[in-house]
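Single-structure report; data block below.
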Amino acid sequence: MIGRRTHDPERDAALYVSGEMRSTDRRRFEAHLLRCDDCWREVSLGRDGRGMVEASREIAPPGLRDDIRASISVAPVPRRLPRRLALVAAVVSVLAFSIFGAAQVRSRHQPPPIAAALTAARTETLATRGPSELPAPNLSSQGLQLVMGELVDLAGLTSDAFMYRNTAGEAVLLFTSAIPFPVAHDASRLVVGVNGWTAQSDGMTLVCGDRPMNYLVIAQDPSLVGLVQRGLVTEPTPS
Ligand SMILES: [Zn+2]
């Protein structure tokens with residue numbers, strides 16, 4: 001569908017931005033975008049067109065959402081790739097966030113940074129602002145492998161975000177920041193002697209503390225949260 005003579009930039013870009021393109025075609029089209037100015041312009045226009053992005057939220061099938069989520073979660077764009085390739089990823093991110101934007105509604109009773117962190121954990125998606133400020137804590141002694149680490153903006157709160165997975169593939173997110181995290185709605189204080197809180201929201205467990213740094217851990221499985229906490233205390237803090 002993307003032959004030089006026969007292809008239709010307007011149609012292909014619309015299919016791509018709307019999420020109607022099948023995954024094999026989409027990958028081919030993303031490669032094509034890197035060298036075709038016509039298609040690139042159409043996708044850029046489509047990306048900026050609110051109507052098209054809005055439409056994509058309605059029609060993107062579940063398989064596509066998973067596909068986009070997986071492509072963002074496990075394959076962050078290497079920082080040295082050409083600008084246009086990074087922008088292709090940005091287009092996919094915009095699409096993903098228009099889809100996952102709806103998920104944030106449920107967390108509205110939370111302080112905005114907590115709601116943003118919950119959305120990131122639930123969708124296993126990080127909107128990167130650049131490389132993390134600190135290296136990722138090594139939690140391999142807890143059986144957790146680092147998937148990605150990025151600098152993120154949690155509704156105005158700048159934070160490092162690290163995603164780990166256990167051997168079963170379950171994800172846990174660790175946020176660390178120079179700024180204390182706000183307290184989640186309906187949180188309970190941690191045991192005496194530890195300054196922090198724990199809360200449940202949207203089927204996720206959250207734990208926040210301030211030693212050895214301000215941290216917020218979120219996972220569906222509470223035991224994963226505990227593993228990260230233990231790892232933070234026992235592992236030497238990277239410097
Ligand atoms: Zn083209």
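Throughout, read-outs are computed from the coordinates displayed, never taken from laboratory work. All of these numbers come straight from a predicted model, not from anything done at the bench. Ideal geometry is used to build each Cβ from the backbone, glycine not excepted, and the neighbour counts take in all protein chains shown.
Given axes a ≥ b ≥ c from the Cα gyration tensor, I'd like to know whether segment 112-239 is rounded (a/c under 1.5), prolate (a/b larger than b/c) or oblate.
On the way: a/c = 1.17, a/b = 1.06, b/c = 1.10.
Because its axes are fairly even, with a/c under 1.5, segment 112-239 counts as rounded.
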Review point. Near the amide H of S201, under 5 Å away, which other amide H atoms are found, from residues 5 or more places off or on another chain, if H is placed in the peptide plane?
Key: L206
Practice item. Under 18 Å from a label point 7 Å along Cα→Cβ of S223: give me every residue in segment 129-145 with its amide N that close. Key: 140-145
Practice item. Return the sequence-ordered ³J(HN,Hα) values of segment 121-134 in whole Hz as given by the Karplus equation 6.51 cos²θ - 1.76 cosθ + 1.60 applied to θ = phi - 60°, using x for Gly and Pro. Key: 5, 5, 8, 6, 10, 10, 8, 6, 10, x, x, 4, 6, 10
Practice item. Quickly work out the D153-to-R230 label distance, labels modelled 7 Å from Cα along the C-beta direction, and quote it in nm with one decimal. Key: 3.8
Review point. Separation between the Q145 and R28 pseudo-spin-labels, each 7 Å from Cα along Cα→Cβ, expressed in nm?
Key: 3.2
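Using 0.36 nm per residue of separation minus the Cα-Cα distance, give me the extension gain between D210 and H7 in nm, one decimal.
Values: separation 203, 0.36 × 203 = 73.08 nm, distance 5.59 nm.
Value of the extension gain: 67.5 nm.
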